[in-house]
1. Which semi-axis lengths, in whole Å and largest first, follow from the square roots of five times the eigenvalues of the Cα gyration tensor of the chain?
2. Which of 29, 96, 76 moves most in a GNM of the chain, Cα contacts under 10 Å?
3. With charges only on Cβ, +1 for K and R and -1 for D and E, what is the dipole size of the chain about its Cα centre, in debye, rounded to 20?
4. For the chain, with the dipole built from +1 on Lys and Arg beta-carbon atoms and -1 on Asp and Glu ones, taken about the Cα centre, which of 73, 121, 100 lies farthest toward the positive end?
5. If one puts a single equal scatterer on every Cα of the stretch 63-130 and applies the Debye formula without solvent, what log₁₀ I(q)/I(0) results at q = 0.12 Å⁻¹?
6. Hey, what's the per residue convex hull volume over the C-alpha atoms of the stretch 40-100, in cubic angstrom?
7. How high is the relative contact order of the chain? Use alpha-carbon pairs under 8 Å, at least six apart in sequence, and give a whole percent.
Amino acid sequence: MRFSWTRLGAWVVALVVGAVYGVACTIAQSSAVGWFPLGLVLAIVGTAALLAALRLLTSDRWTALACGLGVMIATQVFSGKGPGGSVVVPSAAEGQINSGLIWVIAVPILVAIVVAWPDLSRIRRPTQEN
């Protein structure tokens, strides 16, 4: 792997996109339709799709990792108590699903799966012999 300014730029852009997406998903994950945590499901599916798309389009684990780090940093920053005492990701009431906790745990798992997934593009298919 050779260094290039283009790759570094891609990593920085992926980090910023991940951070923006992480903020949006961290805020939206608490929305629900009745008992169904629609915001959490959409945040997890959207993050997985974003990470997989970056990995597939760039063929680079490091770009997906940079995006994942952006999502994780934004999630951790906005999951805590703010300077004014406000909480973006509140704890769930007794007997309810704690979507905030699931979101905080799901993000690093998604990043680890996408980054660690093996590169199957170099595997050659067996040729059929007559």
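Where a number appears in this text, it was derived from the coordinates with a stated rule and is not lab data. Predicted, not measured: the structure shown is a model, and the values here were computed from it. All Cβ positions, glycine included, derive from the backbone under ideal geometry; neighbour counts span all protein chains shown.
1. Details: eigenvalues 227, 77, 19 Å².
Taking √(5λ) for each eigenvalue gives 34, 20, 10 Å, largest first.
2. Judging by the Gaussian network model, the answer is 96.
3. Working: 8 positive and 4 negative charges, 88 e Å.
It comes to approximately 420 debye.
4. Value computed over the given set: 121.
5. Per q value, in the given order, log10 I(q)/I(0) is -0.50.
6. Details: hull volume 5.1 nm³, N = 61.
Cα-based convex hull of the stretch 40-100, divided per residue, equals 83 Å³.
7. On the way: 149 pairs, mean separation 38.6, N = 130.
Once divided by the residue count of the chain, the mean separation gives 30 percent.
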